[in-house]
Amino acid sequence: MVTLFEFLGNEPIENVVTCMNFKVDKVIFFGYADSISGFRNSHTSFLTKHCGVREVLFSALPGNDLQPILTAMRSVIGNELEHGANIYFDITGGEDLILVAFGMLSSEFNTPMHRHDIPSNRHIDLIEGAKGCMSDEVPKQEVRLDLNGYIELYGGKIDNTKLLSSKNTDDSDLVNDVKKLWEFQLKYVKIWHIFGQYLKDLGTVSNSLRVSHGILTFRDKELKGKDKLTLRLDKFDTMLQELEDLGMIKNYSSSDGFYQFEYKNSNICQCLKTGGNPLEWHVFLEQKPLCDDALLGIHLDWDGIIEQGNKDVYNEFDVLTLTGLIPTFISCKSGNMEGDKIREAFYELETIADRFGGKYAKRVLAVVSEPGPTHLKRAEEMNIEVRVYKAPK
């Protein structure tokens, strides 16, 4: 029987990566009580469901004193050896004191020790001369995670009933339409949001909309009525005519401030009424061939339990990809990113990526207007890559 000893660290992928690459029968986690209570259920479920581990145990360690820790670990390790197990130590991640204890006990028991480099997904055997290194003795396996499995490992859940990418993204007609809308958005990037906001409210009674003297005025609700955005009606008419020429709407007519048309389908309706949609679709289609898994329009449930009604705590997120063991969280913002708006985007991205991706997650902010030098510096400090998508000159 193959028994793997792990230190239960705060980074879930580090705790399970060995079992994703080798066929392990039993995992024993050494850890502190608060970590054990937080990870017991999710790690047991993940290892048995995805990695074929038959038994997962947790052994609580006493305080931060090395000698009691050594005594507790030595007893558990000795018990496994008495029952004839082949034992291995994984020191991927973990804190210094426990790593010292692992090193001392590995020398004492002449036991193989290894770590795993997460970014390169590479197993590294340590301690020359130790009997039976894991890569030589234990059968290998390859557990390939998708994004649902990765988010599950971090204690969350993707609500797949609400995914935009659950639509048939291989539908060439849909993909071509999205590409046309993306080019259309870039052409009118400065007035794209006011255009989309008006479409969203078109045909409804709203005190925030009025038409006078050939100008459409929209009071931005998100800014609590402080700012006004304007769009000339002749420009609005031109944009709608272009959309009809592109086949995105049909039966368009206008008279005395009254506009009438039909959307090509529900996907086009959503893209036009939701300002960021074309950018999100563009980024998703751009990234999809470059990674192992990609999702668009994600609802991330915080506690991993999808509930009916409004009880769930969740975050909506634009694009999520997974390459090897590294997730990338991409937030798409198609409006002007200034002041509080860009700071809020940074902190939202940081919070979600930390919660569902951990320290290895990449963070990307996709925008259509380049932030100023101060904000770019702040993004660099927060380890956020800013990608600017501009119309070709």
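The values are calculated or read from the model by the stated rules, or taken from the named source; none is laboratory data. Bear in mind that the values here come from a model prediction, so they are computed numbers and not experimental data. Note that we place each Cβ from the backbone using ideal geometry, even for glycine, and neighbour counts take in every protein chain shown.
Which ones in the range 26-42 are in contact (Cβ under 8 Å) with a residue 60 or more places away in the chain and over 18 Å from residue 98 (Cβ atoms)?
Within the range 26-42, 42 is the sole residue that qualifies.
Does the range 53-61 include one or more residues that are surrounded by fewer than 19 Cβ atoms within 10 Å (Cβ to Cβ), assigned by TED's automatic domain parsing to the domain that holds residue 118 and touching an Asp or Glu at 6+ places or on another chain (Cβ under 6 Å)?
yes
If only one of 299, 282 is outside any strand (DSSP E or B) and in the same structural domain as residue 322 (by TED's automatic domain parsing), which one is it?
Working: 299 fails: outside any strand (DSSP E or B).
The match here is 282.
Out of everything in the range 318-351 that is of a type in the set (Gly, Ala, Ser) and assigned to a loop (DSSP other than H, G, I, E, B), what residue ends up being surrounded by the fewest Cβ atoms within 10 Å (Cβ to Cβ)?
Of the range 318-351, the ones of a type in the set (Gly, Ala, Ser) are 324, 331, 334-335, 339, 345.
Next, from what is left, pick out any that are assigned to a loop (DSSP other than H, G, I, E, B): 324, 334-335.
Values: 324: 14, 334: 24, 335: 19.
Per the criteria, the residue is 324.
I'd like the full set of residues that are closer than 20 Å to residue 33 by Cα, part of a helix (DSSP H, G or I) and either hydrophobic (A, V, I, L, M, F, W, C) or within 37 Å of the chain's Cα centre (by Cα) (or both), limited to the range 62-91. Even if it seems obvious, please write down each step before you answer.
First pass over the range 62-91, keeping only residues closer than 20 Å to residue 33 by Cα: 62-77, 90-91.
Those still in the list that are part of a helix (DSSP H, G or I) too: 66-77.
Answer for the range 62-91, where residues must be closer than 20 Å to residue 33 by Cα, part of a helix (DSSP H, G or I) and either hydrophobic (A, V, I, L, M, F, W, C) or within 37 Å of the chain's Cα centre (by Cα) (or both): 66, 69, 70, 72, 73, 76, 77.
Quickly run through the range 352-393 and pick out the residues that are without any contact (Cβ under 8 Å) to a residue 12 or more places away in the chain and either within 23 Å of residue 10 (Cα to Cα) or in a strand (DSSP E or B) (or both).
354, 381
Among the residues of the range 92-122 satisfying the criterion of being within 31 Å of the chain's Cα centre (by Cα) and more than 21 Å from residue 357 (Cα to Cα), which is modelled with the highest pLDDT?
114
Of everything in the range 352-376 that's more than 26 Å from residue 187 (Cβ to Cβ) and touching an Asp or Glu at 6+ places or on another chain (Cβ under 8 Å), which residue is surrounded by the fewest Cβ atoms within 10 Å (Cβ to Cβ)?
Only one residue fits best here, namely 359.
Identify, please: which residue in the range 240-278 is in contact with a helix residue (DSSP H, G or I) (Cβ under 8 Å, 6 or more places away or on another chain), modelled with pLDDT of 90 or more and assigned to a helix (DSSP H, G or I) and is, among those, farthest from residue 364 (Cα to Cα)?
Within the range 240-278, the match that is farthest from residue 364 (Cα to Cα) is 242.
Looking at the range 286-325 only, could you name the residues that are over 14 Å from residue 149 (Cα atoms), over 11 Å from the mean Cα position of the chain (by Cα), at pLDDT 90 or above and aliphatic (A, V, I, L, M)?
290
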